[in-house]
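Heads up: the structure comes next, in structure tokens.
The values are calculated or read from the model by the stated rules, or taken from the named source; none is laboratory data. Owing to the predicted nature of the structure, the values given are computational and were not obtained by experimental measurement. Neighbour counts run over all protein chains shown; Cβ positions are idealised from the backbone, glycine included.
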Amino acid sequence: MPAATFDKPVNSTKLIWYFIIGWTVLNIIQATTLELQGDEAYYWMYSRYLDWGYFDHPPMVALFIRIGDMLMHNELGLRLFTVLLSSASIYLLWLTLKSYAVDALAFILVVSGVFIFHIYGFTTTPDAPLFFFTVLFYYLYQKYLQTDKWGLAVLLGITIACLLYSKYNGILVVGFTLLANLKLLKRPSFWGIVVVAIVLFVPHIIWQANHNYPSINYHLYERSSDKYDIVNTFSYMPGQLLMAGPLIGWFLFYKAFTVKIKDAFIRCLLVNCVATLLFFFTSSYKGEVQPQWTFILFAPLVMLTLIRFKQSGGWPKWLLPLAIVNVSIIIIVRIIIIAGFGFARTYGHLKSYYGFKQWTHIVKQKAGDNFVVMTDGFQNPSKYNFYTNSLKCFAYDNRYYRATQYDIWPMEDSLQGKRVFYLSPVPLNGFTNDSIKNEAGKWYYNWVDNVRTYQKVSIETAPLKLTTMPGGKTAFDLKITNPYPHPISFADSGYTHPVILEYCFFKGDVLTAVVEAKSTYKKITLQTGESTHFNFPVTSPLEKGDFNLIFSLRTEPFFGSKNSRVIKLTVK
């Protein structure tokens, strides 16, 4: 039998506002007390260099962080807009569902039980603004279906541009909405939406073109796996059910997918929900699909579930105790994370929330005002920069790692010829290798004099896919470009550390071969923006299989940077 529902609008409105206030307070507490997660610190670095685009993502998250950080430089300041947008998103969901007269208590039980809403109620990544503008899009689109007005069309165009400026996943919301209602093509105002959105998004397209489309290359090429891993596919749906709610997720999907399509808006929600789920399921054949990538489907999932409750006369009575237990589990987990109890400090990604304030203090005491260089990714350098409120830590993206925004920012230029404090996850031969250790981890540190690096130097070559025989020789015509605002030289005279041009073979994550080029490359000198060609013969591995080939410039004591794109090489 269906449970009782709230019929009085006043009571419903008050109940929703009480819920939103409680939701906001909980998120403020967590945003204030918890240290930054690595990605959040990285996006804070975005906000230090405001631009129309970045290597990994569009710029909306950087703008929101910049505003909050200007108000207060602490964890809450960085997360302030995420907390506010989370509450605003919930209210917009309620306003959108008002025309379907959904039950307020059911709304609270469902929304509070969706696990991913809790995660991104305070965590500041591009997913936070993406979700807000997704909900705003549905709110405006519902009105646009009811009334074809140019004012609504302009607002929708602006919202779509904001969607795309938040995260590229936003294009799925737009595409699937159009797929659900092709009659929109007949509306003159629809084309106004298209024009407004494109015009507003042009600056980002220009940024991508000026930087050789790094985001497209990374997301569509380098991030894809050449081999199918069945674990990615079989872990996909359990991950989605968990994000929908540990105990009620399965029920939400069931109710949403059994909704009766009675108008164009419900059809839009259903198409978006199903198509997004299938799109990322298909993507699992090309690599891991992280659970938050589907964040955009949870707005239609919640709305479809609540609409279905109304269509069927209410929600089952057994859902109330199950939903209460479901949200209780989530809140208990959040309290454990806030307090840092037990598994929170040692489990997976959670442990990255703890110990980095102290770690920063230790490093700062030893490094003073000197530059700090790290080689184990972009997250820890970004944390150091946030907690010192500086730009003194540089992420050296070595050949074992991927390129990041640190390869674009002008930070590397400031290191040249300086004495730097170098932190490495492994000890370095020929150095003192003192170590720093606390609950955040262990790093070996050394002082490096007269630093010389070439992380930004671009090495272009073709093809990017190649099949050869074991031991086969291939002549690569390398186009080497100097992107720095100063001349560079590969000669070693006058430098403490020689530069070495090498090609490297990787099999998976394992470096299998490194070969230096003939010494003629030492004659290369390039002015700002100048390019030259260099012929580099490459000998294929004797072992058959699939390899990744890169060209790299290395200077001691660093591991060598990834200066070229990855070349997929198959030895048959």
Search region 279-302 for residues that are assigned by TED's automatic domain parsing to the domain that holds residue 142 and pair each with any residue that is surrounded by fewer than 17 Cβ atoms within 10 Å (Cβ to Cβ) and among the hydroxyl-bearing types (Ser, Thr, Tyr) when their beta-carbon atoms are under 7 Å apart and the residues are at least 6 apart or on different chains.
284/233; 285/228; 285/233; 286/224; 286/225; 287/224; 287/225
How many residues are in contact with a Gly (Cβ under 9 Å, 6 or more places away or on another chain) and closer than 16 Å to residue 203 by Cα if we restrict to region 59-69?
1
Tell me which of these residue 252 doesn't satisfy, since it passes every other one: (1) surrounded by fewer than 22 Cβ atoms within 10 Å (Cβ to Cβ); (2) in a helix (DSSP H, G or I); (3) not aromatic (Phe, Trp, Tyr).
(1)
Could you please tell me which pairs satisfy a Cβ distance under 9 Å, a separation of 6+ or placement on different chains, a first residue in region 363-380 that is of a type in the set (Gly, Ala, Ser), and a second residue that is modelled with pLDDT of 95 or more and assigned to a loop (DSSP other than H, G, I, E, B)?
367/392
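Kindly indicate whether residue 103 is over 14 Å from residue 303 (Cα atoms), acidic (Asp, Glu) and in contact (Cβ under 8 Å) with a residue 12 or more places away in the chain. Full working, then the answer.
On the way: over 14 Å from residue 303 (Cα atoms): no; acidic (Asp, Glu): yes; in contact (Cβ under 8 Å) with a residue 12 or more places away in the chain: yes.
Taking the combined requirement at face value, the residue does not satisfy it.
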Those residues of region 440-457 which are surrounded by fewer than 16 Cβ atoms within 10 Å (Cβ to Cβ) and outside any loop (DSSP other than H, G, I, E, B), in sequence order
441, 442, 447
Name the pairs: first residue in region 46-69 and assigned by TED's automatic domain parsing to the domain that holds residue 202 and more than 11 Å from residue 408 (Cβ to Cβ), second residue among the polar types (S, T, N, Q) and outside any helix (DSSP H, G or I), Cβ to Cβ under 8 Å, at least 6 apart or on different chains?
61/124; 61/125; 64/124; 65/124
Would you check which residues across region 67-87 are within 21 Å of residue 164 (Cβ to Cβ) and surrounded by fewer than 18 Cβ atoms within 10 Å (Cβ to Cβ) and list them?
67
In region 294-334, anything under 21 Å from residue 350 (Cβ atoms) and small (Gly, Ala, Ser) is listed as 328
Starting from region 16-32, take each residue that is under 12 Å from residue 86 (Cβ atoms) and list its partners that are of a type in the set (Val, Ile, Thr) and at pLDDT 95 or above, counting only C-beta distances under 6 angstrom and pairs at least six apart or across chains.
20/90; 27/83; 28/83; 31/83
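Filter region 484-535 down to the residues that are among the basic types (Lys, Arg) and over 18 Å from residue 560 (Cβ atoms) and list them by number.
523, the sole residue that qualifies.
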